[in-house]
């Protein structure tokens with residue numbers, strides 16, 4: 001069974017939101033692991049879900065990576081949702097079906113329908 005593209009927009013159904021969060025969180029952590037191994041880099045990933053629960057992944061000791069982060073002056077690169085959306089727009093979306101690309105924002109909740 002193949003994968004279908006989904007619209008990148010806030011999920012309103014709580015059960016579907018939780019299932020999606022769990023699967024994508026694992027996928028994100030797996031990608032972080034792969035990047036750390038393939039490119040020999042340190043990664044700290046911090047996620048707070050909608051219920052304010054903390055999830056974290058660190059390729060090494062989280063405290064050491066966070067200490068290194070706090071002692072660093074300026075990041076070489078820093079991205080936000082708006083930056084990613086703009087990059088996708090410039091690249092012609094590359095298969096992204098994001099409604100944010102036509103005006104809505106990821107950082108603002110959708111009004112109930």
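The values are calculated or read from the model by the stated rules, or taken from the named source; none is laboratory data. The structure displayed is predicted, hence computed values, not measured ones. Ideal geometry is used to build each Cβ from the backbone, glycine not excepted, and the neighbour counts take in all protein chains shown.
Scanning the stretch 50-83 for residues that are within 22 Å of residue 17 (Cα to Cα), surrounded by 11 or more Cβ atoms within 10 Å (Cβ to Cβ) and touching a strand residue (DSSP E or B) at 6+ places or on another chain (Cβ under 7 Å) yields 55, 56, 57. Residues in the stretch 37-52 that are more than 23 Å from residue 70 (Cβ to Cβ), in a loop (DSSP other than H, G, I, E, B) and more than 14 Å from the chain's Cα centre (by Cα): 51 only. Candidates in the stretch 7-49 are the residues that are free of Cβ contacts under 8 Å to residues at least 60 places away in the same chain and touching a helix residue (DSSP H, G or I) at 6+ places or on another chain (Cβ under 8 Å); of these, the one that is surrounded by the fewest Cβ atoms within 10 Å (Cβ to Cβ) is 41.
Could you check, for the stretch 29-36, whether at least one of its residues is modelled with pLDDT of 90 or more, outside any loop (DSSP other than H, G, I, E, B), touching a strand residue (DSSP E or B) at 6+ places or on another chain (Cβ under 7 Å) and on the phi < 0 side of the Ramachandran plot? Yes, that holds for at least one residue.
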